[in-house]
Structure formats: structure tokens, C-alpha cells
Amino acid sequence: MITTLQTDANGVTTSSMHPQTTWIPDSYVLRIHVADDIVNQSVSKMLYESIEEGENIPVEYSRGRLSDKVYIKKVGNDILI
């Protein structure tokens, strides 16, 4: 709920409460084990639902130039970058 205040010409303040709707979009995240690292990667709903837990899938990835961070480029046939 959001409280709003309104003041009229006579200086009388009235408060009112209004509901606020917050929309949170669905998100689909795969935890991918790559080269002794675990990477959380957002994917499409279709890809997420097509993969079973523990399933081995082809993944293309690279490591950062200045860090050892893993960057996922492709999961299965879906190009992410």
C-alpha cells in the first residue's frame, strides 16, 4: 500500500492509501558445472524445461582475459552471447 497526501487551498491535508502492484518476471536459471566451477546462467523457459536435472549438455564457454571467470557462450543449441 502507498500513502498519498493531498493539501487543499485551506491547508487541510488528507491522506489516502492505494494498493501498489509489483510485477516480477519469471526467470529461469541453470546451475552449470564447467571446469571445476559452478556458473548460474539465465536461459529461456523453453531451454530450461527441455533439460533434466543432472543431464550432460554441450556448453561453449570462455575464461576472462584478466580473471579466471567463466563466461557461458552457448548452452545446447542456444547462443547466449
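Quick check, is Ile32 touching a strand residue (DSSP E or B) at 6+ places or on another chain (Cβ under 6 Å) and of a type in the set (A, V, I, L, M, F, W, C)? It would help to see each step written out before you state the result.
On the way: touching a strand residue (DSSP E or B) at 6+ places or on another chain (Cβ under 6 Å): yes; of a type in the set (A, V, I, L, M, F, W, C): yes.
Answer is yes for this residue.
Out of Asn40, Asn56, which single residue is among the polar types (S, T, N, Q) and modelled with pLDDT under 90?
Being among the polar types (S, T, N, Q) and modelled with pLDDT under 90 holds for just one of Asn40, Asn56, which is Asn56.
For (1) out of contact with any Lys or Arg (no Cβ under 6 Å at 6 or more places or on another chain); (2) outside any loop (DSSP other than H, G, I, E, B); (3) open to solvent by 90 Å² or more (accessible area, probe 1.4 Å), each residue gets a yes or a no:
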| site | (1), (2), (3) |
| --- | --- |
| Thr14 | yes, yes, no |
| Thr21 | yes, no, yes |
| Glu49 | yes, yes, yes |
| Ile57 | yes, no, no |
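Somewhere in region 64-76, is a residue surrounded by 11 or more Cβ atoms within 10 Å (Cβ to Cβ) and touching a helix residue (DSSP H, G or I) at 6+ places or on another chain (Cβ under 8 Å)?
Looking for residues that are surrounded by 11 or more Cβ atoms within 10 Å (Cβ to Cβ) and touching a helix residue (DSSP H, G or I) at 6+ places or on another chain (Cβ under 8 Å), one finds at least one in region 64-76, hence yes.
Among the residues of region 27-37, write down those that are in contact with a Phe, Trp or Tyr (Cβ under 6 Å, 6 or more places away or on another chain) and either at pLDDT 90 or above or within 14 Å of Asp78 (Cα to Cα) (or both).
Once the filter is applied, which keeps residues that are in contact with a Phe, Trp or Tyr (Cβ under 6 Å, 6 or more places away or on another chain) and either at pLDDT 90 or above or within 14 Å of Asp78 (Cα to Cα) (or both), region 27-37 yields only Tyr28.
The values are calculated or read from the model by the stated rules, or taken from the named source; none is laboratory data. All of these numbers come straight from a predicted model, not from anything done at the bench. FYI the Cβ positions are ideal-geometry reconstructions off the backbone, even for glycines, and counts take in every protein chain you see. Only protein heavy atoms, including side chains, enter the accessible area calculation; ligands, DNA and RNA are left aside. Shrake-Rupley method; radii C 1.70, N 1.55, O 1.52, S 1.80 Å.
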